[in-house]
Amino acid sequence: MSMTQHAEPAVTSPPAPGPKETDGRTSERPLALRLLARPEVGVFLGAAAVYVFFLIAAPPVREGASMANILYSSSTIGIMALPVALLMIGGEFDLSAGVAVITSALTASMLSYQLTMNVWVGVVVALLVSLGIGFLNGWMVVKTGLPSFLVTLGSFLILQGVNLAVTKLVTGNVATDDISNMDGFDQAKKVFASSFEVGGVNVKITIVYWLVFAAIATWVLMRTKYGNWIFAVGGNKDSARAVGVPVAFTKISLFMLVGFGAWFIGMHQLFSFNTVQSGEGVGQELIFISAAVIGGCLLTGGAGSAIGPVFGAFMFGMVQQGIVYAGWNPDWFKAFLGVMLLGAVLINLWVQRTATRR
C-alpha cells in the first residue's frame, strides 16, 4: 500500500508593523503653518505692525476721536475694496471703480437738482446707472474675451471725460449745485452719511456698513454656491464651465457688484458734502485694488478672502491719518503706500512659501 504524503501549507506570520512612513503631503501640518496658509494672516500681522508703529510715532492716535477718524477713512476705502476683491478672486479687474463713484454721485445730484425732484429719485436712478456700467463692463469682457484691464481702462477714460463734460454742460461749472435744501435730503443723509456717539466719540455710519458688508461677503465666499463659483471662475474658467458653473453670470454679476459699491460710496460722498467735484475719483481705483492685493487676493485670481481686504483698507486708513497725526509731510503718503504695497506682496509670498514647504 502506497502512502501519499500531503505537504502542509507554510504558515507565515505577518511582518511586525513598523513606523508609518509619510511623504509630507498626507501628514497633518502644524497649526502655525496652517494659519500662515490663510491669505488674511499676513495682512493682519502687517496691519498690527502699522498700528503699533503709529501708536508710538503719533501719540494723538491713542485718542478715541482719532481712531474713529482712522476707521472712517478705512471704511470709505474698505467698502469699495470688498467688491473689488471679490472681482479679483473671480479673475478680473475694474479700473473704472474710482471714477464710477463720482459718476454715481453726479448722476444723483444733477438729476435731482436740475429737474427739481426728490433726491431719492436721483438715488434710485444713480443705482441703475451704476449697475448698468458694471453690467456693460462684465458683458464686454465675457462676450469679447478681451482682458478686463483693457475693457475697464476704456470705461475709466469714458467716464472721466463724461463726468467733466456733462457737469460743465449742465451746471456751467466743474461741480454740482448744493442739494442740501431739497426734499428727501435729510432722510437720505441719515441712511448714507449719518453718525452716532459711542462713549462721547462721534462714529460714522459707514464703519458699521463696512463691517456688515465684510461679514456678508465672507459668508458668501465660504458658505454659498455662488462663493464656490467665484473661486472656480477665477481659478480656471474653462474647467469651471465644464462642471456646470455659469461663468458669464458669475463674472457679470461681480462687475455689477463693483457698480453697487461705487453707487454706495458715491451716495455717501454726495450726502456728506452736499456737492460733488466732477474731476475727483481718478487714482482711487488703484487704492481699492491695492487694498485687495495687500489683503491677500492674487492678481491671477482664484484665491483670496473678504477679511484680508478689511485689514488692507485699515492699513491705508491708518497710514493716511497717521501721517497727519504724526505731523509729517502728507506728500509722502503715496510713497509710503507704495512701500507698504511692495512689502505686503513680498510678505504674502514668503508666508505662502513657508506654509507650503514640506
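The values are calculated or read from the model by the stated rules, or taken from the named source; none is laboratory data. The model shown is predicted, which means the values in this text are computed figures rather than measured ones. Cβ coordinates were reconstructed from backbone atoms using ideal geometry, including for glycine residues, and neighbour counts include every protein chain displayed. Side chains included, ligands, DNA and RNA excluded: accessible areas come from the protein's heavy atoms. Shrake-Rupley method; radii C 1.70, N 1.55, O 1.52, S 1.80 Å.
The residue that is surrounded by the most Cβ atoms within 10 Å (Cβ to Cβ), counting only those in the stretch 39-93 that are of a type in the set (D, E, K, R) and in contact with a helix residue (DSSP H, G or I) (Cβ under 8 Å, 6 or more places away or on another chain), is E92.
So in the stretch 179-189, with the set limited to residues that are over 31 Å from the mean Cα position of the chain (by Cα) and surrounded by fewer than 16 Cβ atoms within 10 Å (Cβ to Cβ), which one is nearest to L127 (Cα to Cα)? Among those that are over 31 Å from the mean Cα position of the chain (by Cα) and surrounded by fewer than 16 Cβ atoms within 10 Å (Cβ to Cβ), it is D183. Among helices (runs of 4 or more DSSP H) lying entirely in the stretch 227-334, which contain 2 or more residues that are farther than 30 Å from V52 by Cα, in contact with a Lys or Arg (Cβ under 7 Å, 6 or more places away or on another chain) and in contact (Cβ under 8 Å) with a residue 60 or more places away in the chain? Per the criteria, 247-273. Among the residues of the stretch 145-160, the one identified as open to solvent by less than 70 Å² (accessible area, probe 1.4 Å) and farther than 22 Å from Q284 by Cα is G145. Scanning the stretch 161-178 for residues that are in a helix (DSSP H, G or I) and either aliphatic (A, V, I, L, M) or open to solvent by 60 Å² or more (accessible area, probe 1.4 Å) (or both) yields a count of 7.
Look at (1) open to solvent by less than 70 Å² (accessible area, probe 1.4 Å); (2) at pLDDT below 95; (3) of a type outside the set (D, E); (4) out of contact with any Gly (no Cβ under 7 Å at 6 or more places or on another chain) and you find that G132 fails only one, number (2).
Evaluate the following for G138: is it buried (at least 24 other Cβ atoms within 10 Å of the Cβ) and either in contact (Cβ under 8 Å) with a residue 12 or more places away in the chain or of a type in the set (D, E) (or both)?
Details: buried (at least 24 other Cβ atoms within 10 Å of the Cβ): yes; either in contact (Cβ under 8 Å) with a residue 12 or more places away in the chain or of a type in the set (D, E) (or both): yes.
The answer is yes for G138.
For the stretch 248-280: of the residues being within 23 Å of W120 (Cβ to Cβ) and of a type in the set (G, A, S), which is farthest from the chain's Cα centre (by Cα)? Applying the filter and picking the extreme gives S278.
When the stretch 210-225 is examined, which residues are found to be assigned to a helix (DSSP H, G or I) and over 17 Å from the mean Cα position of the chain (by Cα)? Walk me through it before giving the result.
Taking the stretch 210-225 first, the residues assigned to a helix (DSSP H, G or I) are 210-223, 225.
Those that are assigned to a helix (DSSP H, G or I) and over 17 Å from the mean Cα position of the chain (by Cα): R223, K225.
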